[in-house]
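The values are calculated or read from the model by the stated rules, or taken from the named source; none is laboratory data. Keep in mind that this is a model prediction, so the values were computed, not measured. Here the Cβ positions follow ideal geometry from the backbone for every residue, glycine too, while neighbour counts run over all protein chains shown.
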Amino acid sequence: MTTSTADVAVLGCGAMGSAACSFIARRGASVIGIERFSRAHDRGSSHGHSRVYRESYHEHPDYVPLLMEAGRQWEQLESRVGSTLLIRCGVLYISTPGGQIHDGVLESASTHGLECRILQAEQLREEYPQFRVMDEYVGILEPNAGFIDPERAIQAWLLDAEQAGATIMENTPVRSWEETGDCVRIELDDGVVEVGSLIVCSGAWTSRVIGQLGVPLHPTRQVIGWLRPDDPGCCEIGRMPVWLIDTCGNEPYYGIPTWPDQLGPEGMKVALHGAGTPTDPDQEDGWVRPEEIERLRSEVLEHVPGAVGSMTHATTCMYTNSPDGDFIIDRVPGCDRTWFAAGFSGHGFKFSSVMGRVMSDLSLDRRTDLPIEFLSLDRFDPSRSGDDR
Ligand SMILES: Cc1cc2nc3c(=O)[nH]c(=O)nc-3n(C[C@H](O)[C@H](O)[C@H](O)COP(=O)(O)OP(=O)(O)OC[C@H]3O[C@@H](n4cnc5c(N)ncnc54)[C@H](O)[C@@H]3O)c2cc1C
């Protein structure tokens with residue numbers, strides 16, 4: 001039985017944990033990242049080769065300052081590792097006025113002075129003939145938005161962390177952990193890690209890793225697929241931005257265009273940003289039933305008839321839903337030196353670059369200047385009333 005020691009351990013090296021390892025190591029602290037699977041694996045929430053990056057955040061304008069920092073941190077990572085990770089090809093929201101996405105995007109854009117271009121139905125049809133556009137639809141094009149390949153990003157953060165001195169343990173599940181006086185003791189199958197502070201970034205497994213969270217987190221199974229159009233040009237980057245269609249209060253569909261450097265399955269990635277089905281993260285195997293694939297294909301083609309073609313691949317990925325759909329970043333209840341970041345509710349990846357910095361600040365300074373108060377656990381405290389985010 002070996003005992004390793006470090007200033008900080010990061011439990012889970014997916015999106016958030018890999019970035020945290022990099023920030024902590026680059027501040028000169030010793031850090032051990034502990035990951036139960038291999039790096040950039042496909043068993044959690046961070047696979048599928050694309051994640052939408054957008055700044056005019058319809059979920060709430062409070063997220064925008066974090067996104068501004070996230071964008072800066074993605075660019076700095078790109079220059080350190082020497083490759084492009086964030087592809088700013090634009091995001092096109094097609095929605096109806098009065099809907100959450102339409103109104104939320106415009107509110108965030110006007111509150112924070114972000115660039116957006118409005119396209120009325122006729123203009124939308126002219127510029128983007130792939131889409132079926134009803135007269136009541138409005139397009140909002142956010143030119144600085146785009147997408148990131150999550151597997152490449154996680155590899156980049158971990159490489160960046162290792163170059164700064166981090167140790168990354170792969171295929172190493174954490175079996176238990178506890179605070180003992182002035183350290184945190186972490187039990188592995190064949191060893192122990194003792195650290196000054198612990199960061200838990202365990203995604204869909206968080207309720208199992210932190211028994212005393214006190215707030216339910218619900219993992220759900222989400223289906224994603226890749227559609228190869230008969231006319232491949234109609235979905236190529238340049239002719240198609242990332243798109244998100246929110247009509248008549250239905251759950252929105254979205255798609256990522258094909259691009260020259262694309263890894264993974266062939267075609268335009270498509271999915272529903274919806275409720276998903278409850279799942280057990282230890283049982284999720286990526287299997288998608290043929291009827292689910294056909295439903296996804298036909299519903300996407302309802303909105304994007306120009307992409308008529310066949311599905312090349314489909315799989316699943318997990319959301320970890322908090323009760324209100326907002327992230328939870330805080331100290332673990334009853335602990336002094338253990339922090340967690342969880343409940344990313346299907347929209348967290350774009351923030352992983354700023355969450356790495358937040359978690360590094362919390363573990364090393366016990367505080368951060370970044371505006372995360374609205375993400376604290378005490379918003380679920382029943383003695384607090386009203387929305388004072
Ligand atoms: C289909 C889909 C589409 C999405 N689209 C977008 C999008 O377009 N834009 C966006 O911003 N976000 C999107 N998201 C959400 C985003 O991907 C997630 O919020 C984010 O990846 C969550 O990162 P995480 O670090 O919390 O989880 P993960 O990346 O899953 O990392 C958790 C890690 O903890 C490890 N772990 C768990 N338990 C243990 C243990 N006991 N010991 C050691 N390691 C452990 C796991 O193996 C895993 O690697 C999407 C998610 C899905 C599923």
Does Ser56 satisfy the condition of being surrounded by 19 or more Cβ atoms within 10 Å (Cβ to Cβ), part of a loop (DSSP other than H, G, I, E, B) and touching a Leu at 6+ places or on another chain (Cβ under 6 Å)? yes
Reported set for the range 154-204 where residues are part of a strand (DSSP E or B) and touching a Gly at 6+ places or on another chain (Cβ under 9 Å) is Thr167, Ile168, Met169, Glu179, Cys183, Val184, Ile199, Val200
From the list Ser50, Ser95, Ser46, which one is within 27 Å of Leu217 (Cβ to Cβ), crowded, with 19+ Cβ neighbours inside 10 Å and either among the basic types (Lys, Arg) or touching a strand residue (DSSP E or B) at 6+ places or on another chain (Cβ under 7 Å) (or both)? Ser50
Pairs, please: C-beta under 7 Å, at least 6 apart or cross-chain, first residue more than 14 Å from Pro257 (Cα to Cα) and in the range 209-236, second of a type in the set (A, V, I, L, M) and loosely packed, with under 14 Cβ neighbours inside 10 Å? Thr220/Ala275
Which condition number in (1) within 13 Å of the ligand (Cβ to nearest atom); (2) in contact with an Asp or Glu (Cβ under 9 Å, 6 or more places away or on another chain); (3) of a type in the set (A, V, I, L, M) is the one that Val195 fails? (1)
Those residues of the range 203-253 which are within 16 Å of the ligand (Cβ to nearest atom), out of contact with any Leu (no Cβ under 8 Å at 6 or more places or on another chain) and among the acidic types (Asp, Glu), in sequence order: Asp246
State whether one or more residues within the range 23-39 are in contact (Cβ under 8 Å) with a residue 60 or more places away in the chain, out of contact with any Cys (no Cβ under 8 Å at 6 or more places or on another chain), within 29 Å of Arg239 (Cβ to Cβ) and in a helix (DSSP H, G or I). no
On the basis of being in contact with a helix residue (DSSP H, G or I) (Cβ under 7 Å, 6 or more places away or on another chain), of a type outside the set (Val, Ile, Thr) and within 16 Å of the ligand (Cβ to nearest atom), does Ser345 make the cut? no
Residue list for the range 215-246, filter: part of a strand (DSSP E or B) and in contact with a Phe, Trp or Tyr (Cβ under 8 Å, 6 or more places away or on another chain): Pro219, Thr220, Gln222, Glu236, Ile237, Met240, Val242, Trp243, Leu244, Ile245, Asp246
Of those in the range 283-321 that are closer than 28 Å to Ala15 by Cα and without any contact (Cβ under 8 Å) to a residue 60 or more places away in the chain, the residue farthest from the ligand (Cβ to nearest atom) is Arg289
Looking for whichever is free of Cβ contacts under 8 Å to residues at least 12 places away in the same chain, surrounded by fewer than 21 Cβ atoms within 10 Å (Cβ to Cβ), in the same structural domain as Trp157 (by TED's automatic domain parsing) and basic (Lys, Arg) here; the options are Arg331, Arg367. Which one fits? Arg367
Given the conditions (1) part of a helix (DSSP H, G or I); (2) buried (at least 18 other Cβ atoms within 10 Å of the Cβ), every one holds for Arg208 apart from (2)
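Results for (1) acidic (Asp, Glu); (2) within 14 Å of the chain's Cα centre (by Cα), shown as yes or no for each residue.
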{"position": "Asp7", "(1), (2)": "yes, no"}
{"position": "Leu11", "(1), (2)": "no, no"}
{"position": "Ala25", "(1), (2)": "no, no"}
{"position": "Arg51", "(1), (2)": "no, yes"}
{"position": "Ser56", "(1), (2)": "no, no"}
{"position": "Val64", "(1), (2)": "no, no"}
{"position": "Trp74", "(1), (2)": "no, yes"}
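Table: residues versus (1) in contact with a Phe, Trp or Tyr (Cβ under 8 Å, 6 or more places away or on another chain); (2) within 21 Å of Tyr253 (Cα to Cα); (3) aromatic (Phe, Trp, Tyr).
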residue	(1), (2), (3)
Cys89	yes, yes, no
Pro97	no, yes, no
Val105	yes, yes, no
Leu114	no, no, no
Arg117	no, yes, no
Glu127	no, yes, no
Glu162	no, no, no
Quick count over the range 1-21, residues being surrounded by 23 or more Cβ atoms within 10 Å (Cβ to Cβ) and either away from the ligand (no atom under 13 Å from the Cβ) or of a type outside the set (Ser, Thr, Tyr) (or both), is 13
Which of the residues belonging to the range 22-46 are near the ligand (Cβ under 8 Å from one of its atoms) and of a type outside the set (Phe, Trp, Tyr)? Ile34, Glu35, Arg36, His41, Arg43, Gly44, Ser45, Ser46
